[in-house]
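Written out below as structure tokens is the structure these notes cover.
The values are calculated or read from the model by the stated rules, or taken from the named source; none is laboratory data. These numbers were taken from a predicted model, which means no experiment stands behind them. As a convention, Cβ positions derive from the backbone with ideal geometry for all residues, glycine included, and neighbour counts pool all protein chains shown.
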Amino acid sequence: MNETQRQAGTGQGILLLCGSCLPILGAVLLGPVLAEVQAHFITTPNVAALTPVMLTIPALMIAVFSPLAGWLADRFGRRRLLLIGLLVYTLFGTAPLYLQGLHAIVLSRAGLGLAEAVVMTICTALIGDYFEGRSRMLWLSLQGAVASFAAAVFFGLGGALGEFGWRTPFWLYVAGIVMFPFALKLLWEPSRPHRLTPHLGAQTLPWRVLAVAYPFALVTGIALLMVPIQLSFILHGLGLDSPATAGLLSAGNQASVLAGALLFRLLVRFGYVPVFGGGFFAAGAGLLLVSVSKGQGGLLLGGCLNGFGCGLLLVGLITWALAALPSKVRGVGAGGFNSCVFLGEFLSPLVILLLRHGGVSLVSAMAFCGWGLVALILPALLAPLAIRVQAAALPAAD
């Protein structure tokens with residue numbers, strides 16, 4: 001049968017969902033062991049800045065290079081580039097098992113991020129290529145839900161493996177080479193998508209709408225990783241040095257992201273105003289609770305509240321923005337949204353570092369960020385009204 005006539009099924013869908021989870025592994029796996037990494041490299045200059053950057057620099061690479069990965073996939077083929085990306089993912093992902101310097105490890109993590117940009121972009125594109133209509137929407141919805149669930153699992157797994165040493169979690173990056181033979185067997189090169197016609201350029205993008213959605217996505221990305229990244233340091237300050245505990249609490253935070261994402265469909269029946277207002281309130285209140293907690297119970301509750309708000313915002317914002325995008329440029333608009341989220345994830349530890357550089361404590365910096373999210377409630381309540389007016393002025397989306 002001709003490759004373009006093949007029909008994708010559950011096997012292809014599950015494989016592409018697994019591939020979409022690989023960047024999540026890169027983002028969250030090391031959160032529970034960051035304090036141990038910093039202690040190991042305590043004599044390295046700027047270790048306080050380099051340690052959290054080691055966790056988040058893959059997100060920066062995804063934010064910057066995802067558009068390039070998409071262009072390369074269109075130019076040279078999706079399947080071939082995905083197979084290369086899976087091998088490079090394992091090559092750079094496992095490098096910290098034997099690298100001895102923190103700077104070298106950070107560079108290897110940047111290489112990992114490049115591979116993740118390729119894998120994530122192509123997996124999403126292949127879902128669009130292989131499936132149509134309701135089937136496509138189902139797999140795209142599952143992509144978001146499975147990613148949140150995977151984050152919760154990876155946090156717990158990273159904490160458990162961290163009990164055997166901070167390098168141990170890096171063994172999980174062999175997942176790329178494990179997936180390689182399945183991708184080789186189950187995936188095929190789809191027919192080339194039609195190029196955008198000349199009139200479908202930047203002028204068709206509703207920039208006034210995206211100028212609201214993208215900054216909100218950036219802030220949500222910052223809030224999304226704030227608890228997982230800082231939790232091990234907060235526990236250390238409380239005298240609770242345990243990667244397993246940090247992993248379990250972070251898993252609760254990410255499980256709540258999944259809960260927020262799943263409950264969005266129920267809450268949006270009342271409109272986007274309660275979704276956005278409630279999302280920023282929960283995300284901010286969660287950080288405030290974390291900042292004043294003195295035990296694991298308060299940290300768990302605050303982390304879950306923060307995660308729930310972030311989950312609501314992630315799904316709500318992308319759905320809200322895509323509704324205003326003409327169908328022929330929705331891919332471009334969605335790519336920009338993802339770049340903003342991942343850029344926010346990269347900036348998350350740097351925001352805390354900047355605040356602490358001003359002389360405030362870690363928990364005070366968390367509280368400041370919590371109040372910042374709460375301050376966005378009013379703009380978030382007004383935004384759906386603005387988007388409705390602007391979207392109505394656009395040509396029909398379809």
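Some points to look at:
- Scanning segment 255-296 for residues that are under 18 Å from Gly316 (Cβ atoms) and in contact (Cβ under 8 Å) with a residue 12 or more places away in the chain yields a total of 26.
- Looking only at residues in segment 229-242 that are at pLDDT 75 or above and not hydrophobic (A, V, I, L, M, F, W, C), the one that is nearest to Phe346 (Cα to Cα) is Gln230.
- Considering Gly286, Gly358, Gly316, the condition of being modelled with pLDDT under 85, more than 19 Å from Thr56 (Cβ to Cβ) and crowded, with 24+ Cβ neighbours inside 10 Å is satisfied by Gly316 alone.
- Qualifying residue in segment 111-130 (condition: farther than 29 Å from Ser191 by Cβ and either free of Cβ contacts under 8 Å to residues at least 60 places away in the same chain or of a type in the set (Ser, Thr, Tyr) (or both)): yes
- Just one residue in the set Ile127, Ile177, Ile84 is among the hydrophobic types (A, V, I, L, M, F, W, C), within 19 Å of the chain's Cα centre (by Cα) and over 26 Å from Val227 (Cα atoms); that residue is Ile127.
- Among residues that are of a type in the set (A, V, I, L, M) and at pLDDT 80 or above, Val273 is included.
- Condition broken by Leu161, with the remaining ones in (1) assigned to a helix (DSSP H, G or I); (2) within 19 Å of Ser20 (Cβ to Cβ) satisfied: (2)
- All told, Phe92 falls short of being over 22 Å from Thr51 (Cβ atoms) and of a type in the set (Phe, Trp, Tyr).
- Segment 135-153 - residue that is farther than 20 Å from Gln7 by Cβ and of a type in the set (S, T, N, Q) and, of those, modelled with the highest pLDDT: Ser148
- Of the candidates Ala48, Ala35, the single residue that is within 19 Å of Gly162 (Cα to Cα), in the same structural domain as Trp166 (by TED's automatic domain parsing), part of a helix (DSSP H, G or I) and at pLDDT below 85 is Ala35.
- Test: residue in segment 129-136 that is in contact with a Ser or Thr (Cβ under 6 Å, 6 or more places away or on another chain) and not assigned by TED's automatic domain parsing to the domain that holds Leu313: no
- Set Leu60, Leu99, Leu72: member being without any contact (Cβ under 8 Å) to a residue 40 or more places away in the chain and among the hydrophobic types (A, V, I, L, M, F, W, C): Leu99
- For segment 73-93, the criterion of being of a type in the set (A, V, I, L, M, F, W, C), more than 19 Å from Ser20 (Cα to Cα) and surrounded by 17 or more Cβ atoms within 10 Å (Cβ to Cβ) is satisfied by no residue at all.
- Test set (1) at pLDDT 80 or above; (2) in contact with a Ser or Thr (Cβ under 9 Å, 6 or more places away or on another chain) - Pro23 fails condition number: (2)
- Selection count where residues are buried (at least 24 other Cβ atoms within 10 Å of the Cβ) and under 24 Å from Phe342 (Cα atoms), scope segment 231-250: 6
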